[in-house]
Each structure stands twice: as structure tokens, then as C-alpha cells.
Amino acid sequence: MKKLLSLLLCMLLLASVLSACNTQTPPVPEDTTQTESQGASDATPTIPPEQALPPEQVVQGLDADAVIMEIGTKTRQVLLNNDWAEIKDAFTAAGYAPIEVTLLDNAKMETVVLYGNTSMVTLQNTAGGAYAIWEPYNQATLSVLTPNEKTGTGEVTLAQIGIARIEETDNPINGMCYIYKLSDGSAVIIDGGFNNKDCRNNILNTLDKLDIAKNADGKYLITAWIFSHGHKDHRAAFTGFGKNMGDQVELTYAMYSFPPSPGTLTASTFDSVNFENKMYEYYPGVQHIVPHAGLAYHFDNLTVKILYAPEMMYAPDKTIAYYNDTSLIMLAECGSTGALFMGDAGEAAAALTWDNYEKAAFEAEMLQVTHHGFNTGDGSHNWKNIKLIYTNTKASYGLIPMGSRLEGDARNGRHTVIVGHGGANYQMSFFIDKTDRHDQGSTISQEYYNKFVDEVAAGTAKYETLFGYDGINKLVSNKGLISYTSGNEKEPMVTLFTLSESGVSVAHNQVLSEWLAD
């Protein structure tokens, strides 16, 4: 009888896997060439082991007093005081098989991924302790954890899109939106901005302008929509877009790691459960990927390496007081050319990231300045570990998601970059060379800035730049770092970059509305 039940279970599991492979979820690649495979098996099995114990039971066997935390809608985590080898051995003995994945080069932390019949388990040995993280077994996630035939090839187009601000007047919100066009013609979107009509239209019209590929039903193909964190100027456009325009796109993966409910792990009131419910309603067939630190995810010829995820900061005895520290820190690469995205990550997240990687892990041609270039009075964006990461990127290009300024809203817009932070010993000092003073000392006045902008517009400016600023949205330091803000003084901009194995080039820079109208 037991043998019959076991056989029936195997048949059900096989039918489930075959059914999944017939949907939009790509199957696990047959060629699972391993990259930095610490503890991985020779091949990734397509059917998980049958008799693995529940992760909770394995954890209790290691430490009966361990506190299991809910860190996502379906994700659980525990901080263990056991020896690292003991933790790995316990899960292996409990029936979990190693999965072949791409681990990050130059990582000090160790990461192992295993799976059983119902759960996928990520084990992390970090500078902050050893963690076990588990979630439901997900064939979709497995399919992007190993390289594909496009990995490391071709080129991609990256569009930095300015954010439309209409009624959002709370300071210092600016929004962030980046859209990649991959070698297969599909798109990967990072964040998106506010839930207003202009933001939604700008995303849809950019997909059209970039000539993003469509499926047989004429829907734009979005391979992945990735969210740095849950603040509304980064993720709200997603649900608004889905409600109003979801029938015009086919979205395969949504990738994010949000705290599960208001106040449980952070001080935020953002309801991620409601967000997820709307996601499944507006984007039929979408599959959620929970990104984990130390792993790389492969979408066509774009590889997204997760250096930091908020799981690294969660602990049973504390919450993340500063919600921006739930931002992912990730390196998106085409071949060996990459862009380091910081989202809104603060000093605490930067410190953990710095402690867990060698310097070489941060090298990238492009760098997105965190938190829109803003500093905070409480020290959350102080200039120690953030500066270490910035400096060691050795970037040639900077990306500054700085929105346009609304009337009466003095803390937003490019004038804040120049006046507020041009002479500050914080983030923007990396992007604006303070030695380019133009006889104004280490800082400039609002009046001098206004005069310069008027002279640029009139073509009578005495100096070509002001703190490396061209009067529109370009900043050039005397060390060669070229940065672009995503808005000019009054309206969003678009800057197009081409990334390939040979490096980065700027393809276009224009007012967004004019570019879309051409």
C-alpha cells in the first residue's frame, strides 16, 4: 500500500511539473553549466525529493528555541547559532537536495540553495550570522537561477525615465524608473514611479518607443518587473499600470522582497499582501520571485546579481527602523558591463553589503545614486560605507533619479542637486566635483544658480558648467564621472544607454515628452 501511495505521489508531482512547463514559465535548462557552484549538484533535478522534512522541523531539530520570522507573504526565515557545517548537514540529512545556482564572485558570505518536495531553502552564512530562509517550491525561480544560452552575450538598451509628479507634493519624493530592452526584444523594468496617469502612460509609451517585442496577441513582453523596495514613488505605478493597462502586456516575473504586513518588520504602513493580491489580479500568470542575497538571476542576456536583500538585516530582536534599508542593492550586467542599483538604500544597508563582499564585487561601469541624491538629518545616509561602495564601483557613468520640481516644493528638482548637495560632504560630492567652484567658494547660492540657468538658456553663460553641470541634466566631474539626472528643472528627461561586452555608450538624451512625441 505504501509503495502504491508513493507511486501515485510521484505521478502527481510529475504531472504538476509538466503542466508548469507548458505555461509561460520556462523549464529548467537542460544545460546547467555551473558558475561558482559551492555545494551544488552536477545537475538541477526537475522533480524535487519526495520525503524531505518540513523546514520548520529541521530548524527545531537544530535549535528548539529558534524564532521563525515571517519575512514575506510566503517566506520564512530564522537566525541560527549553530555551526555552518551543522546547518547544511541537517538539511541534507532531512532530505533536501542541492540546486545548481550562480553564486556571486568576490562574496565573503556563503550561500547554498536546496529544495525538497514542497519547499526551497536558501542558507546564508553572512557577517551578521547564519540564516535559513524558505519559501514554497517554485519551478519559475529555479529556471532563472542558472545561466541560459544568452547569458553574457549581445547588448542591452537601458532607458533612465524621468518620473511625472502631479499631486505628490510630500518631500523629498522623486520616484525612479529604468527600462531595459534585452536581446530577445523583451523588457525588464526596475521600479516605475507613482500611480498617476502620466507615469503609467510614460511606461507604456516607452515600451512602444523602444520597440519592445510583442506576443501573438499583440501584448508587450515584459520578462521581469523588479522592485527595489516598497515606497510608493518606486512601486505604486505597477498596480496602477496593471489595473489600467495590464491587458496590453504579458508579464512573466515580478521580483521583490517586501515585508509581509504593516509594522511587522519595519515602521512602514505599506500593505504588501494587498499589493500581491492586486498583482495576481492585474497580471494573470505572473510568477513572484523572492530575490536572495548572494545569488544571480538570469533574464535572457541580462543577469541581475543581488548583493543585498533586507533578509540580511532582519533579526528576531529588532525591526528595520529605516524603511529605505529594505531596498535591494543589485548589479545588472550584460556581459561584463554592469550598472549597480542602490534604490534608496541607506548607510546601514550599505555597511552590511560592504562587510559581506570583497571590493571587486562592486565594480560596475554605471552607478545609480541612492535616495535620489538626498541626505537625511538623522544620519541614515551618512558618508562612510556608501562612499566605500561608490568609490569601488570605479564607475564611468552616474544615474541620478532626481525628479522635476513642483512649484512651492523647494526640496525637489535639479536645483537641489546643485545647490543643496553640490558642496556637501555626502552623496552628491561624489558626482559633483567641489573644486569646480567658479569663484563661489565651496557652495553656491540659489541666486547664483538661477543666474547660471538663465544664462545657459540665453546662450550667454560665462562658464560651460557649474559644478560640472551643463544647465540641463548632465554633470561632469573633473575625474571623468559623467552623470545624468532623470529630470531637468521642470519636466522629466530620458537618457538612453547601450551596454555591451565592450562597455557603455550614451545613445540619446532628451526631454521625455519630446522623445516620446518624435
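The values are calculated or read from the model by the stated rules, or taken from the named source; none is laboratory data. Keep in mind that this is a model prediction, so the values were computed, not measured. When we count neighbours, we look across all protein chains shown, and the Cβ atoms used for this are built from the backbone with ideal geometry, even at glycine.
Condition check: at pLDDT 95 or above, under 21 Å from Leu295 (Cβ atoms) and either crowded, with 22+ Cβ neighbours inside 10 Å or within 21 Å of the chain's Cα centre (by Cα) (or both). Does Ala237 satisfy that? The answer is no for Ala237. For the range 470-481, a tally of residues being in contact with a strand residue (DSSP E or B) (Cβ under 8 Å, 6 or more places away or on another chain), closer than 25 Å to Ala458 by Cβ and surrounded by fewer than 24 Cβ atoms within 10 Å (Cβ to Cβ) returns 4.
Could you tell me whether the range 102-111 includes any residue that is at negative phi, touching a Pro at 6+ places or on another chain (Cβ under 9 Å) and either outside any strand (DSSP E or B) or among the hydroxyl-bearing types (Ser, Thr, Tyr) (or both)?
Yes, the range 102-111 contains at least one residue that is at negative phi, touching a Pro at 6+ places or on another chain (Cβ under 9 Å) and either outside any strand (DSSP E or B) or among the hydroxyl-bearing types (Ser, Thr, Tyr) (or both).
Screening the range 300-347 for strands (runs of 3 or more DSSP E) wholly inside it with 3 or more residues that are more than 14 Å from Leu367 (Cα to Cα) returns the ranges 302-308. Among the residues of the range 70-98, just one is within 23 Å of the chain's Cα centre (by Cα) and either among the aliphatic types (A, V, I, L, M) or farther than 27 Å from Ser143 by Cβ (or both), namely Ile71.
Within the range 298-308, does at least one residue satisfy the condition of being modelled with pLDDT of 95 or more and over 28 Å from Gly162 (Cβ atoms)? Looking through the range 298-308, at least one residue is modelled with pLDDT of 95 or more and over 28 Å from Gly162 (Cβ atoms).
Gly152 meets all of the listed conditions (1) modelled with pLDDT under 95; (2) crowded, with 23+ Cβ neighbours inside 10 Å; (3) under 26 Å from Tyr357 (Cα atoms) but one, namely (2). Within the range 77-101, residues that are assigned by TED's automatic domain parsing to the domain that holds Pro310 have Cβ atoms under 7 Å from residues that are among the hydrophobic types (A, V, I, L, M, F, W, C) and buried (at least 20 other Cβ atoms within 10 Å of the Cβ) in no pair, counting only partners at least 6 apart in sequence or on another chain. Taking (1) touching a helix residue (DSSP H, G or I) at 6+ places or on another chain (Cβ under 7 Å); (2) surrounded by 23 or more Cβ atoms within 10 Å (Cβ to Cβ); (3) not assigned by TED's automatic domain parsing to the domain that holds Glu491 in turn, Val113 satisfies each apart from (1). For the range 328-346, residues that are more than 17 Å from the chain's Cα centre (by Cα) and either surrounded by 20 or more Cβ atoms within 10 Å (Cβ to Cβ) or at pLDDT 95 or above (or both) total 0.
Give the residues of the range 220-272 that are part of a strand (DSSP E or B) and farther than 22 Å from Asn301 by Cβ, sorted by residue number.
Passing the criteria: only Thr266.
Put simply, of Ile166, Ile189 the only residue that is among the β-branched types (Val, Ile, Thr) and at pLDDT 95 or above is Ile189. For the range 270-286, a residue qualifies if it is under 17 Å from Phe227 (Cα atoms) and of a type outside the set (Phe, Trp, Tyr), and the qualifying residues are Asp271, Ser272, Val273, Asn274, Glu276, Asn277, Lys278, Met279, Val286. For Leu307, the test of being surrounded by 24 or more Cβ atoms within 10 Å (Cβ to Cβ) and touching a Leu at 6+ places or on another chain (Cβ under 9 Å) is passed. Exactly one residue among Lys214, Lys232, Lys243 is of a type in the set (Lys, Arg), touching a Phe, Trp or Tyr at 6+ places or on another chain (Cβ under 8 Å), in contact (Cβ under 8 Å) with a residue 40 or more places away in the chain and surrounded by fewer than 19 Cβ atoms within 10 Å (Cβ to Cβ), and that residue is Lys232.
Scoring Asp325 on the criteria (1) crowded, with 24+ Cβ neighbours inside 10 Å; (2) more than 28 Å from Ile166 (Cα to Cα) leaves a single failure, condition (2).
Contact map, the range 249-273: first residue closer than 17 Å to His234 by Cβ, second residue aliphatic (A, V, I, L, M) and in a helix (DSSP H, G or I), Cβ cut-off under 6 Å, separation 6 or more or different chains; pairs are Ala254/Met279.
Applying the criterion of being modelled with pLDDT of 90 or more and in a loop (DSSP other than H, G, I, E, B) to the residues of the range 363-401, the residue that is surrounded by the most Cβ atoms within 10 Å (Cβ to Cβ) is Pro401. Of the residues making up the range 487-508, those that are crowded, with 16+ Cβ neighbours inside 10 Å, under 23 Å from the mean Cα position of the chain (by Cα) and closer than 22 Å to His372 by Cβ number 8. Based on this model, can you work out whether Glu455 counts as among the acidic types (Asp, Glu), part of a loop (DSSP other than H, G, I, E, B) and either modelled with pLDDT under 90 or buried (at least 22 other Cβ atoms within 10 Å of the Cβ) (or both)? No.
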